[in-house]
Amino acid sequence: MHPMYHPSFISFLGYFNGNQDYFECHEELEEYWKDIAPGERKHPLTGYIQLATGLYHWRRGNNKGATTILKKGYATLQASSTSPFVAALDYSSLMLHYAQTIEAVAQQQPFEAFKIIITDVPLQQLVLANIANQIPYDAHYLMNKHTQRDRSEIILSRQQALLQRQSINAKRSRH
């Protein structure tokens, strides 16, 4: 299976081009990235994740955060021009829109979405089917979706890591 036909990538494109749920774009691709290239920060999927995250920040008015993450993602996708993860898309159009978005954020222009042009017809059909099954959300919900998630697992993981670091530091100070 071509990596762009993975259900998570199809969902990413569906959320991106459909209801513009950039939070879900991030969630979908983060799991896929962790499965195939965990920790590989320059993987093309991270460029898409950072694009979605940047658009989420821009929509929320966090221009500084948007600029930082969008520039990182742009550099990653720019270095991925021969990757199979861009093969079924209009790469030139994607990079042009990405650069224009960075400039618009820098100029503090109002949020403006764009679509990723899919050049592969079967992939395009799968994404359109995904979009047809999406729930439309209002702008307020999409802007604040991060406040709706259950963070208990993240909080627990961070607490455990903190306790582990404290334990290691305590052992070092005794020696």
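The values are calculated or read from the model by the stated rules, or taken from the named source; none is laboratory data. All of these numbers come straight from a predicted model, not from anything done at the bench. Backbone-built Cβ (ideal geometry, glycine too); neighbour counts: all protein chains shown. Ligands, DNA and RNA are excluded from the accessible area calculation, which covers all protein heavy atoms including side chains. Shrake-Rupley method; radii C 1.70, N 1.55, O 1.52, S 1.80 Å.
Below is a table of values for the structure above.
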{"read-out": "Flag for Gly65 being closer than 27 Å to Ile135 by Cβ, surrounded by fewer than 19 Cβ atoms within 10 Å (Cβ to Cβ), free of Cβ contacts under 8 Å to residues at least 40 places away in the same chain and not basic (Lys, Arg)", "value": "yes"}
{"read-out": "Count - residues of segment 1-15 that are more than 20 Å from Ser83 (Cα to Cα) and open to solvent by less than 40 Å² (accessible area, probe 1.4 Å)", "value": "1"}
{"read-out": "Qualifying residue in segment 43-52 (condition: at pLDDT 95 or above and either in contact with a Cys (Cβ under 7 Å, 6 or more places away or on another chain) or of a type in the set (Phe, Trp, Tyr) (or both))", "value": "yes"}
{"read-out": "Residue within segment 135-145 that is at negative phi, in contact with a strand residue (DSSP E or B) (Cβ under 7 Å, 6 or more places away or on another chain) and at pLDDT 75 or above present", "value": "no"}
{"read-out": "Residue match in segment 34-50 (condition: of a type in the set (A, V, I, L, M) and free of Cβ contacts under 8 Å to residues at least 24 places away in the same chain)", "value": "yes"}
{"read-out": "Flag if Val86 is farther than 29 Å from Asn133 by Cβ and in contact (Cβ under 8 Å) with a residue 24 or more places away in the chain", "value": "no"}
{"read-out": "So Leu77, is it among the hydrophobic types (A, V, I, L, M, F, W, C) and under 24 Å from Asn133 (Cβ atoms)", "value": "no"}
{"read-out": "Members of segment 1-42 that are modelled with pLDDT of 95 or more, out of contact with any Phe, Trp or Tyr (no Cβ under 6 Å at 6 or more places or on another chain) and among the polar types (S, T, N, Q)", "value": "Ser11, Asn17"}
{"read-out": "Single condition Leu123 does not satisfy, out of (1) modelled with pLDDT of 80 or more; (2) out of contact with any Phe, Trp or Tyr (no Cβ under 7 Å at 6 or more places or on another chain)", "value": "(2)"}
{"read-out": "In segment 17-43, the residues that are more than 14 Å from the chain's Cα centre (by Cα) and open to solvent by 20 Å² or more (accessible area, probe 1.4 Å)", "value": "Gly18, Asn19, Asp35, Ile36, Pro38, Gly39, Glu40"}
